[in-house]
Each structure stands twice: as C-alpha cells, then as structure tokens.
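Accompanying notes for the structure given below.
The values are calculated or read from the model by the stated rules, or taken from the named source; none is laboratory data. Owing to the predicted nature of the structure, the values given are computational and were not obtained by experimental measurement. In this analysis, Cβ positions are derived from the backbone assuming ideal geometry, glycine residues included, and neighbour counts consider all displayed protein chains. Only protein heavy atoms, including side chains, enter the accessible area calculation; ligands, DNA and RNA are left aside. Shrake-Rupley method; radii C 1.70, N 1.55, O 1.52, S 1.80 Å.
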Amino acid sequence: MTALPRIRLLATGGTIAGAQTGGGQRGYRAATLSMDALIAAVPQLASLAAIEVEQVAAIGSQDMDDATWLKLASRAQAALDAPEIAGVV
C-alpha cells in the first residue's frame, strides 16, 4: 500500500474556525473551533492525505498584521523545504 502524501495545514485562526457567540446573541468570535475539530468534520480527508496541523495564529482575518504574515510565510517556506511534506495549505 502506498503511503498517503503528508500535507501541512497552517492555521491562522480565525474566520474558518469562528462561530456564533452563542446563546441567541448576534456576533461572531474568531478561532472558536480547533483545527482538529474542523478536520474531524470531514472524515474523508483521512483517505486522501495525512494532514498535519500547525497553529500559526488564532486571530480573525481583520487582525492579520505584518508580523503574522511574515510568520506565516516563514512557516510555509519551512514546510515546503521539508522533503517529507507534499504540500502546504
């Protein structure tokens, strides 16, 4: 059996992991759900690739700043440089 490709998922928080504040209130809170919970919600992923998660930040997209973008770029490059990693998301 061929090994599945290893994919590094770099998470920054925020929008995709956000949820309503709850209790019937209006609003949204970034980084409410863990990346593991989001991946578990799509069990078919396990048949496509070995997903590795790295939480780079836990902020909403409106709070991305230069320092966070540089950290994300650095972590993406490190993953791309790793020969065992087939791709980065």
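Tabulated data for the structure shown
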item: Residues (closer than 20 Å to residue 3 by Cα and in a loop (DSSP other than H, G, I, E, B)) located in the range 61-83; result: 82, 83
item: Count - residues of the range 19-56 that are more than 20 Å from residue 8 (Cβ to Cβ) and either of a type in the set (Gly, Ala, Ser) or at pLDDT 85 or above (or both); result: 6
item: The range 62-82: number of residues that are surrounded by 11 or more Cβ atoms within 10 Å (Cβ to Cβ) and at pLDDT below 95; result: 2
item: Exclusive hit being in contact (Cβ under 8 Å) with a residue 60 or more places away in the chain, open to solvent by 40 Å² or more (accessible area, probe 1.4 Å) and part of a strand (DSSP E or B), set 58, 86; result: 86
item: Candidates 85, 59, filtered to the one that is on the phi < 0 side of the Ramachandran plot, at pLDDT below 95, in contact with a helix residue (DSSP H, G or I) (Cβ under 9 Å, 6 or more places away or on another chain) and among the β-branched types (Val, Ile, Thr); result: 59
